[in-house]
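Take a look at the structure below.
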Amino acid sequence: MNKRFSGKTVVVTGGAAGLGRAHALAFAGEGAHLVLLDINEAGLAETRGLIEDRGSTASTHRVDMSDERQIIDFGKAILADHDRIDVLINNAGLHMGEIARGFSGMGLAKWQHFFTVNSFAPLLLAEAIQPALAKAKGIIINKSSMASYNPATAYGITKATLNIFTHAMATQFAADDIRCVGIAPGLMATEAAQQGVDPENWEKLKAMQYVKRQGTAEDIANLAIFLASDEGSFINNQVILCDGGNMMRGWRG
Ligand SMILES: NC(=O)c1ccc[n+]([C@@H]2O[C@H](COP(=O)([O-])OP(=O)(O)OC[C@H]3O[C@@H](n4cnc5c(N)ncnc54)[C@H](O)[C@@H]3O)[C@@H](O)[C@H]2O)c1
């Protein structure tokens, strides 16, 4: 069977679980070689096993996206092994429990950590592997959130900042024919999302969707495949909501 990403290399951050794992498996199913980053090494090994079960290959790397030095060192190492990288999915992110608790009194150190992982690291990693993305005329996909359209949470603020970076990165990388697009998921069934939203709010948010079913990790993975494929190649400098029509309804109202 003809696979759309055979011979291509896809880098996924936060590949140990949830949406990152779903991205990895979707691209593996299309024949890609995966390069997976995370701080959760056991989860990375599990994802790699699932990829190999599908007949594809992967390398795994413990990289803390809050540490610029680790990102730069990873970039150097990966460029030595790969002269082309077709897709970078900046998926790693955290909510620090703030969605449920609110950010009052969070303190500067936590704000900085939040912004570093959710907003700044995607740019740092893209810069670290830019030559290989340029050679492949690749795409950067930044993982935003429906919450980026609501300024009421610190998480939403970090993701709104990432949306601005997505536009800035599309502009900056265009000279190298690298596209940059954001995906803003709604409420998708992952373990982390279920831990971050209490059951009552979960049901409330789900009821606000126009599409009356649970969003899945595969919904997001399928969108990324389309954006990275030839069929999606005219899409650039855009953040795309994938939330069952739940846009801008607010978290707590
Ligand atoms: N699931 C949802 O409903 C939803 C909705 C909107 C946006 N998102 C975003 O999608 C992404 C994935 O979400 P998920 O639900 O799969 O969460 P998840 O917690 O299952 O996955 C995130 C991964 O990122 C990794 N990670 C966290 N901090 C890291 C760091 N400093 N360095 C390297 N890796 C780190 C974690 O170990 C984890 O494997 C996140 O950016 C999240 O904000 C998720």
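The values are calculated or read from the model by the stated rules, or taken from the named source; none is laboratory data. None of these values were measured; they are calculated from a predicted model. Note: ideal-geometry Cβ built from the backbone for every residue, glycine included; neighbour counts use all protein chains shown. Heads up: the accessible areas ignore ligands, DNA and RNA and are worked out on the full protein's heavy atoms, side chains in. Shrake-Rupley method; radii C 1.70, N 1.55, O 1.52, S 1.80 Å.
Give, as residue ranges, the helices (runs of 4 or more DSSP H) completely inside segment 112-182 that count at least 2 residues that are of a type in the set (Val, Ile, Thr).
Those helices (runs of 4 or more DSSP H) span 154-173.
Tell me which residues, restricted to segment 9-42, are in contact with a Phe, Trp or Tyr (Cβ under 8 Å, 6 or more places away or on another chain) and either without any contact (Cβ under 8 Å) to a residue 24 or more places away in the chain or among the charged types (D, E, K, R) (or both).
Glu30
Looking only at residues that are surrounded by fewer than 15 Cβ atoms within 10 Å (Cβ to Cβ) and touching a Gly at 6+ places or on another chain (Cβ under 7 Å) in segment 205-232, which one is modelled with the lowest pLDDT?
By that ranking, first place goes to Tyr210.
Suppose we keep only residues that are away from the ligand (no atom under 15 Å from the Cβ) and open to solvent by less than 10 Å² (accessible area, probe 1.4 Å) within segment 127-146. Which one would you say is farthest from Glu98 (Cα to Cα)?
Among residues in segment 127-146 that are away from the ligand (no atom under 15 Å from the Cβ) and open to solvent by less than 10 Å² (accessible area, probe 1.4 Å), the one farthest from Glu98 (Cα to Cα) is Ala132.
Those residues that are in contact with an Asp or Glu (Cβ under 7 Å, 6 or more places away or on another chain) and buried (at least 20 other Cβ atoms within 10 Å of the Cβ), I need them from segment 94-114; list them, please.
none
What pairs come up if the first residue lies in segment 56-75 and is farther than 24 Å from Gly29 by Cβ and of a type in the set (A, V, I, L, M, F, W, C), the second is part of a loop (DSSP other than H, G, I, E, B) and within 12 Å of the ligand (Cβ to nearest atom), and their beta carbons are under 7 Å apart, counting only those six or more places apart or on different chains?
Cβ pairs passing all conditions: Met65/Ala92; Ile71/Val63; Ile71/Met65; Phe74/Val63.
Can you tell me which of Ala28, Ala42, Ala80 is in a helix (DSSP H, G or I), open to solvent by 60 Å² or more (accessible area, probe 1.4 Å) and closer than 21 Å to Ile129 by Cβ?
After applying the criteria, what remains is Ala80.
Can you spot a residue in segment 192-208 that is part of a helix (DSSP H, G or I), away from the ligand (no atom under 12 Å from the Cβ) and either basic (Lys, Arg) or under 15 Å from the mean Cα position of the chain (by Cα) (or both)?
The answer is yes; a qualifying residue exists.
Every residue in segment 45-56 that is open to solvent by less than 80 Å² (accessible area, probe 1.4 Å) and in a loop (DSSP other than H, G, I, E, B), please.
Result: Gly55, Ser56.
Restricting attention to segment 66-95, report how many residues are within 14 Å of the ligand (Cβ to nearest atom), more than 18 Å from His23 (Cβ to Cβ) and not hydrophobic (A, V, I, L, M, F, W, C).
Result for segment 66-95: 7.
So, Asn91, is that one within 18 Å of the chain's Cα centre (by Cα) and buried (at least 17 other Cβ atoms within 10 Å of the Cβ) or not?
Considered against the rule, which asks whether it is within 18 Å of the chain's Cα centre (by Cα) and buried (at least 17 other Cβ atoms within 10 Å of the Cβ), Asn91 comes out as yes.
Exactly one of these conditions fails for Ala160: (1) open to solvent by less than 50 Å² (accessible area, probe 1.4 Å); (2) away from the ligand (no atom under 16 Å from the Cβ); (3) among the small types (Gly, Ala, Ser). Give me its number.
(2)
Tyr149 fails exactly one of the following numbered conditions: (1) of a type in the set (Phe, Trp, Tyr); (2) open to solvent by 40 Å² or more (accessible area, probe 1.4 Å); (3) in contact with an Asp or Glu (Cβ under 9 Å, 6 or more places away or on another chain). What is the number of that condition?
All conditions are met except number (3).
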